[in-house]
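The values are calculated or read from the model by the stated rules, or taken from the named source; none is laboratory data. Quick caveat: nothing in here was measured; it's all calculated off a predicted structure. All Cβ positions, even for glycine, are placed from backbone atoms using ideal geometry, and neighbour counts span all protein chains on display. The accessibility values were calculated without ligands, DNA or RNA, using every heavy atom of the protein model including side chains. Shrake-Rupley method; radii C 1.70, N 1.55, O 1.52, S 1.80 Å.
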Amino acid sequence: MRLHSGRTSWLRATVSVFLKDTRIEWRSRFGINLLVLFVLSSVFILVFALGQDTVERNVIAALYWIVIIFAATSSLGRSFISEEEGGTVLLLQTHVPGSAVFAGKLLFNLVLILIANVLASLAFTVFINATIANWPIFVVIVVLGSSGLAGATTILAAIIARTGNGGSLLPVLLLPILMPLLLSVVHAMIAALEPGSSWNDVGNDIATLVAYAGTVVTASVLLFDFVWKD
Amino acid sequence: MDKLTPPVSGSRYSVIRAIIITWMTLVILGAFLLDIPRMNILEHTARNLYFHVPMWFTMMSMVLVSGIYSARHLASGSRITDIRARESARVAAVFGVMGLITGILWAKFTWYSGTSVWWNSDPRQSMAAIQLLIYGAYFFLRTTIDDNEKRGRIAAVYNLIAAATVPFLLYVLPRQMESLHPGADGNPAFSEITAPIMRAVFYPAVIGFIAIAWLLYRQRVRVAILKENLTSD
């Protein structure tokens with residue numbers, strides 16, 4: 001990978017960071033394996049815990065997003081710690097603008113969360129007999145919810161990489177901040193599971209999710225340099 | 001590290017403190033002794049209005065102060081702004097906890113009397129609880145960073161990210177939860193249910209509690225500066 005500071009446009013720098021992470025991930029497959037196993041094992045815990053009774057839609061919606069959020073905290077928390085451990089922070093700092101590092105990592109994390117969603121929706125359909133009745137709504141809220149989740153997780157992953165004890169801190173910092181997202185996305189998810197629901201039922205939630213993702217990403221881009229630079 | 005100059009605790013401060021103490025003594029006397037109209041369910045618990053509601057106003061004003069100092073800390077990097085952000089967050093958390101406790105007890109002795117309900121998922125209650133969780137995370141985050149300068153910066157970033165997300169709750173929560181508070185969900189507005197005599201105690205109480213918060217905050221900042229000057233070389 002060649003990076004020419006100054007001549008590299010912001011977009012190319014972002015794509016380079018994204019491709020670098022993808023390539024490293026492809027070599028070790030650590031993050032993706034963690035994600036797959038986490039989603040599957042937590043869904044199986046749910047299968048045994050819920051038993052064979054029919055589960056209410058609002059319970060399924062809540063459990064689904066709890067699984068996604070904890071999958072995100074367990075596998076995305078390392079995005080910046082790995083740079084610290086590998087001693088590559090200085091290299092990135094000197095060659096790539098801070099906002100491009102953030103955007104590249106954000107893109108990579110978003111892809112991972114979307115993969116987690118694909119897995120979780122399959123696992124919920126097969127093992128918990130959840131029926132997604134309204135696919136367009138489901139896809140839209142998954143994309144919007146994942147964007148907000150990726151934004152919040154990426155900036156907090158950068159924060160915890162600067163602390164003494166790494167990944168264990170992430171859920172504590174992340175969950176209170178995610179509350180507005182979680183509330184809207186679960187509410188919209190119930191509509192997506194319900195046959196005969198329409199866009200009118202989720203209008204408010206979608207507006208909130210768009211605004212939340214926009215706010216978190218904007219605030220993160222503005223504040224990222226304070227975390228990233230010494 | 002540069003020595004911080006402690007704020008001078010001059011005679012003016014003592015005068016202001018004396019005024020606030022007298023003010024609050026009168027407010028508390030008025031809160032317990034003045035006769036109030038008895039309302040159904042509420043009865044004498046209505047007096048909690050003078051304590052419960054000002055707690056929230058005080059908390060919100062200290063949350064605002066904390067956010068402003070976090071932003072100023074990122075802009076200037078000066079040590080004192082970080083101390084001010086931290087101490088105002090601490091005072092906000094204290095008032096938040098007291099607001100939650102007074103609220104829970106109030107609901108327990110009125111609407112939920114005789115039931116096992118303690119927590120009623122009211123929008124304002126939930127929002128306060130989330131703000132307290134955020135401050136819990138904020139103080140916890142501070143303990144994990146050793147370097148003074150880095151700790152201030154990272155904590156300020158977290159405080160501001162949190163400050164950007166909390167206002168969403170104002171929009172989201174009322175759509176999903178029912179409220180016990182006046183002025184929400186078709187409940188009667190605050191001005192309709194409070195007698196003039198109650199408002200005459202309530203507004204001074206708000207001012208008084210905010211003044212107490214300011215006293216506490218100012219003293220905490222002073223102690224923090226002295227402590228820092230003693231421990232650093």
Size of charge dipole - the stretch A:10-228 - debye, nearest 20, with Cβ of Lys, Arg +1 and Asp, Glu -1, no other charges
560
When B and A pair up, the total accessible heavy-atom area removed from solvent (1.4 Å probe), in Å² to nearest 100, is 2600
Modelled FRET efficiency - R0 25 Å, A:VAL59 with A:VAL139, Cβ distances, 0.05 increments
0.70
Exposure ranking of B:PHE209, B:PHE139 by accessible area [1.4 Å probe, largest first]:
B:PHE139, B:PHE209
Taking only complete DSSP H runs, can you tell me which helices of chain A stretch 27 Å or more along their own long axis by Cα positions and average at least -1.0 on the Kyte-Doolittle scale?
A:10-28, A:30-50, A:57-76, A:98-127, A:135-161, A:170-193, A:199-228
Summing -39500 (n - 2.57) over the DSSP H runs of n ≥ 4 in chain B and dividing by its residue number, what mean residue ellipticity at 222 nm do you reach, to the nearest 500 deg cm²/dmol?
-26000 deg cm²/dmol
Nearest 0.05, what FRET efficiency do A:LYS229 and A:GLU84 give at R0 = 22 Å with Cβ-Cβ as r?
0.95
Can you compute the charge dipole magnitude of the protein assembly as shown about its Cα centre, using +1 on each Lys and Arg Cβ and -1 on each Asp and Glu Cβ, nothing else charged? Give it in debye, rounded to the nearest 20.
1300
Principal-axis tilt of helix B:123-143 within chain B, Cα atoms, nearest 10 degrees
20
Top of A:ILE128, A:ILE24, A:ILE60 by mean-square fluctuation, Gaussian network on chain A, Cα under 10 Å:
A:ILE24
Taking a ≥ b ≥ c as the square roots of the Cα gyration tensor eigenvalues, with a/c under 1.5 meaning rounded and otherwise prolate when a/b beats b/c or oblate if not, chain B comes out oblate
Of the listed pairs A:LYS105/A:LYS229; A:LYS20/B:LYS150; A:LYS229/B:LYS150, those with alpha carbons more than 18 Å apart are A:LYS20/B:LYS150
In degrees rounded to 10, the 0-90 angle between helix B:11-33 Cα long axis and the longest Cα principal axis of chain B is 20
Prolate/oblate/rounded label for the protein assembly as shown (Cα gyration tensor, a/c 1.5)
oblate
Quick calc, chain B, dipole around Cα centre from Cβ unit charges on Lys, Arg (+) and Asp, Glu (-), nearest 20 debye, gives 560
If the label point is 7 Å along Cα→Cβ of A:THR131, which residues in the stretch A:46-63 have backbone nitrogen under 13 Å from it?
A:55, A:57
Highest mean packing first, using Cβ neighbours within 10 angstrom, the peptides B:210-216, B:81-87, B:69-75, A:156-162 sort as A:156-162, B:81-87, B:69-75, B:210-216
Helix-only [θ] at 222 nm, chain A, -39500 (n - 2.57) per DSSP H run of 4+, per residue, nearest 500, equals -28000 deg cm²/dmol
If I build a Gaussian network model for chain A, linking alpha-carbon pairs within less than 10 angstrom, which residue out of A:VAL185, A:VAL202, A:VAL172 has the largest mean-square fluctuation?
A:VAL172
Could you look at the stretch B:11-231 and say what percent of its accessible area is carbon and sulfur, using a 1.4 Å probe and all protein chains?
68
Here the FRET efficiency for A:PHE48 versus B:THR231, based on Cβ atoms and R0 = 60 Å and rounded to 0.05, is 0.70
Please give the average number of partner chain Cβ atoms lying within 10 Å of the Cβ of each residue in A:171-181, rounded to a whole number.
6
Stretched out fully, how many nm does the piece from B:HIS181 to B:ARG199 gain, at 0.36 nm a residue minus the Cα gap?
4.8 nm
